[in-house]
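A.B. asks: Input: one structure, supplied below.
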Amino acid sequence: MNKRSLGSVVVLLLFAVFMISVLMILLKGADVVGSVTDRDKQSYQRRTAVQYITTRVHQADAADSISVQKINDTDALVLSQEIDGIMYDTMVYCYEGYLMELFCERGLDLELEFGEQILPLDGLQADTEGDGLQITLTFPEGDSRKLYFCPMSEGGAGYEE
């Protein structure tokens, strides 16, 4: 082997090492982008679930309009309202891995699966504490968030279990 071919082999080896390094950096960068995207998605779902529950409770804050009920062994936040003389209930609950909402006329016996899927969620527990309301959301990643509400309406918001 002469010096010229030896130089070509060295250049090819350096080029191969460079290309392998570039490939490794690109793969690592793709992993980082994927993990950041997953983290952002989880954070978005958490914030959205908390904001959704908070907004629904604040919108329904009127005397005797908020209650907690068990429906088929599932905690449900029940938000009541009267429309044209007819009472309607909006039930917010967790079912088969989703935060769900079901709007119906009071007294109808509907199944939980009829609700509208809002966001992925592993659990919703609602409890009353005195005149307040505590809601615990459990997210698919296993962490949870507790929300506390106090009635602001005249005569209380009718939180009952």
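The values are calculated or read from the model by the stated rules, or taken from the named source; none is laboratory data. Note that the structure is a prediction, hence the values are computed from the model and not measured. Cβ atoms come from the backbone with ideal geometry, glycine included; neighbour counts cover every protein chain shown.
A.B. asks: Check Ser67, Ser43, Ser80 and return the single one that is buried (at least 16 other Cβ atoms within 10 Å of the Cβ), closer than 19 Å to Gly123 by Cα and not basic (Lys, Arg). Spell out the reasoning first.
C.D. replies: Values: Ser43 fails: buried (at least 16 other Cβ atoms within 10 Å of the Cβ); Ser80 fails: closer than 19 Å to Gly123 by Cα.
It is Ser67.
A.B. asks: A further question follows. Which of the numbered conditions does Asp122 fail, given that it passes all the others? Conditions: (1) surrounded by 14 or more Cβ atoms within 10 Å (Cβ to Cβ); (2) farther than 25 Å from Arg39 by Cβ; (3) acidic (Asp, Glu).
C.D. replies: (2)
A.B. asks: Of Glu113, Glu105, which residue is in contact (Cβ under 8 Å) with a residue 12 or more places away in the chain, more than 30 Å from Ser35 (Cα to Cα), loosely packed, with under 13 Cβ neighbours inside 10 Å and within 19 Å of the chain's Cα centre (by Cα)?
C.D. replies: The unique qualifying residue is Glu113.
A.B. asks: Now for a different question. Please work out which residue is farthest from the chain's Cα centre (by Cα), limiting yourself to the range 60-101 and to residues that are modelled with pLDDT under 90 and of a type in the set (A, V, I, L, M, F, W, C).
C.D. replies: The qualifying residue farthest from the chain's Cα centre (by Cα) is Ala63.
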